[in-house]
Amino acid sequence: MKMLMDLATAVMRTITLQSTQKDPEEAARSLEEAVGQAVALDGGAFLALAPDSIAQIMQVMGTDPGVSEYVARSILLASAYQAEAGNAELATLRRDQARAIAEAYGHDISDMQGGSQTMEPILTEALADFVPES
């Protein structure tokens, strides 16, 4: 539960910062770092894995299915930010990684379509219950 709360807090902070600073590359980096912390691995090494490998690693590590859904959604939002930053190849990799995780765990993340402006409210609403009140 703590991992999910930490991920939710980091995602919400990133979305809030992105709405004011408009730096999609930094927003993507922040989400990618949060995902690495959520799965207790080095984010750079973890996110360098091929889509099928990333899902297999999470399953072998015993990542909770509840956490895996939000990891997939966070990576998909990072994909949108990467696309907005002009990093098309990295955006495609992140999208494929998110879909592989969702498929491996049986999650439907098809509601996360379009750009970050479409995805942010969906993820914000989904994570709202996990963010500790200030």
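The values are calculated or read from the model by the stated rules, or taken from the named source; none is laboratory data. The structure presented is a predicted model; accordingly, all values stated were derived computationally and were not measured. Glycine gets a Cβ as well: all are built from the backbone with ideal geometry, and neighbour counts include every protein chain shown. Remember, those area values only see protein heavy atoms, side chains included, never the ligands or the DNA or RNA. Shrake-Rupley method; radii C 1.70, N 1.55, O 1.52, S 1.80 Å.
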For segment 5-17, pairs from a residue that is of a type in the set (Ser, Thr, Tyr) to a residue that is outside any helix (DSSP H, G or I) and open to solvent by less than 70 Å² (accessible area, probe 1.4 Å), with Cβ under 6 Å and 6 or more apart or across chains, are Thr9/Val131
Which residues, counting only those in segment 12-43, are outside any helix (DSSP H, G or I) and either in contact with a Phe, Trp or Tyr (Cβ under 7 Å, 6 or more places away or on another chain) or loosely packed, with under 14 Cβ neighbours inside 10 Å (or both)?
-> Lys22, Val39, Ala40, Asp42
When every residue in segment 84-123 that is of a type in the set (Asp, Glu) and either at pLDDT below 95 or open to solvent by 70 Å² or more (accessible area, probe 1.4 Å) (or both) is compared, the one nearest to the chain's Cα centre (by Cα) is Glu120
Name the pairs whose Cβ atoms lie under 7 Å apart, with the first residue in segment 60-82 and under 14 Å from Asp6 (Cβ atoms) and of a type outside the set (Gly, Ala, Ser), the second at pLDDT 95 or above and assigned to a helix (DSSP H, G or I), and 6 or more positions between them or separate chains?
-> Val71/Ile101
